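Asker: Quick one: structure below, then a few questions.
Readers should treat all values here as calculations from the given coordinates under stated rules, not as data from a laboratory. These figures come from a predicted structure and were not determined experimentally. Glycine gets a Cβ as well: all are built from the backbone with ideal geometry, and neighbour counts include every protein chain shown.
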Amino acid sequence: MKEPLQPGYFYHIYNHANGNENLFLCDENYRFFLQQWVKYIEPVAHTYAYCLMPNHFHALVRIKSEEALTSTFGKFETFQKLERRLSKQFANLFSSYTQAFNKMYDRKGSLFIQNFKRKPISSDDYLSNIIFYIHHNPLHHGFTNNIEDWPHSSYHALISDKKTRLERAYVNKWFGGKERLRAFHQQSIKGLKELEMEFT
């Protein structure tokens with residue numbers, strides 16, 4: 001059974017391309033996906049970390065408060081209707097991206113696995129380790145040898161001073177500053193292998 005998305009909660013969100021296909025074939029694909037993320041996900045959630053890879057992606061989000069969601073979409077009569085709206089925003093993201101991707105590459109059919117995964121963050125350690133895991137995913141899958149060499153993640157934005165739509169101030173405060181955030185990403189994390197097995 002799918003974990004329902006609830007206001008105010010952190011979630012690790014991830015999804016994969018169908019079969020052996022790729023989600024991203026060029027830099028423009030990565031850029032457009034993030035553009036659509038802003039359009040569909042920013043109205044319902046704050047984003048703290050992400051990583052886009054050729055055939056899948058990971059993100060850490062926090063669903064906005066019920067008050068914020070109500071001010072954007074109007075009053076929800078039931079929790080089920082609120083949850084449907086949250087899930088629909090992700091469905092719209094995947095659908096809009098797929099339509100553009102199919103048009104660009106003259107293909108047909110679905111691109112993403114139908115039901116995206118969402119896992120609630122249940123502890124402080126889990127929150128820290130998920131951010132580490134998300135940024136190290138390209139290493140885990142052999143796409144790069146250094147997280148700083150992978151251009152399609154939030155790591156660079158979190159350690160820079162450039163304008164960003166990410167919740168950078170929260171993440172930096174969580175780790176105690178940018179240098180501690182950077183140092184945390186250079187260490188070995190106990191239990192990381194278990195995380196990798198869980199989300200592979």
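Asker: Mind checking which aspartates and glutamates have their C-alpha under 19 Å from LYS117, skipping anything on the same chain fewer than 8 residues away?
Answerer: Hits, sequence-local ones excluded: GLU3, GLU21, GLU42, GLU83, GLU194, GLU196, GLU198.
Asker: Additional query: Return the Rg/Rh value of region 1-65, two decimal places, where both radii are evaluated on C-alpha atoms and Rh is the Kirkwood radius.
Answerer: 1.00
Asker: If the viscosity is 1.306 mPa s and the temperature 10 °C, what translational diffusion coefficient in µm²/s does Stokes-Einstein give for region 1-120 when Rh comes from Kirkwood over Cα pairs?
Answerer: Approximately 107 µm²/s, per Stokes-Einstein.
Asker: 222 nm [θ] for the chain, helices only, -39500 (n - 2.57) per DSSP H run of 4+, per residue, to 500?
Answerer: The helix-only estimate for the chain comes to -14500 deg cm²/dmol at 222 nm.
Asker: Place +1 on the Cβ of every Lys and Arg and -1 on the Cβ of every Asp and Glu in region 41-200, take the dipole about the Cα centre, and give the residue among MET53, LEU86, PHE76 whose Cα lies farthest towards its positive end.
Answerer: In region 41-200, that residue is PHE76.
Asker: Another question, if that's okay. What nm distance separates the two modelled labels at ASN92 and ILE113, each placed 7 Å from Cα along Cα→Cβ?
Answerer: My value for the distance between the label points is 2.5 nm.
Asker: Where Lys and Arg each count +1 and Asp and Glu each count -1, what net charge lies around ARG168 among other residues with Cβ under 10 Å from its Cβ?
Answerer: My count for the surroundings of ARG168 gives +3.
Asker: With a point put 7 Å past each Cα toward its Cβ, work out how far LYS178 is from THR70 in nm, to one decimal.
Answerer: In this crude spin-label approximation the distance works out to 3.9 nm.
Asker: How much length would be gained if the chain were fully extended between ASN145 and LYS81, taking 0.36 nm per residue of separation minus their Cα-Cα distance, in nm to one decimal?
Answerer: Residue separation times 0.36 nm, minus the Cα-Cα distance, leaves 18.7 nm.
Asker: Given the C-alpha centroids of region 95-111 and region 6-72, what is the distance between them in whole angstrom?
Answerer: Between the Cα centre of region 95-111 and that of region 6-72, the gap is 17 Å.
Asker: Looking at the chain, do any whole DSSP H helices span at least 30 angstrom along their long axis by alpha carbon and average -1.0 or above on Kyte-Doolittle, and which?
Answerer: Qualifying helices: 79-105.
Asker: Then there is this: How long, wide and thick is the chain, going by the Cα atoms along their three principal axes, in whole angstroms, largest first?
Answerer: 45, 42, 35 Å, listed from the longest principal axis down.
Asker: Please tell me which of these pairs span more than 23 angstrom C-alpha to C-alpha: LYS81/LYS108; LYS81/LYS103; LYS39/LYS162; LYS64/LYS119; LYS64/LYS103; LYS2/LYS64?
Answerer: Distance filter (> 23 Å) returns LYS81/LYS108; LYS81/LYS103; LYS64/LYS103.
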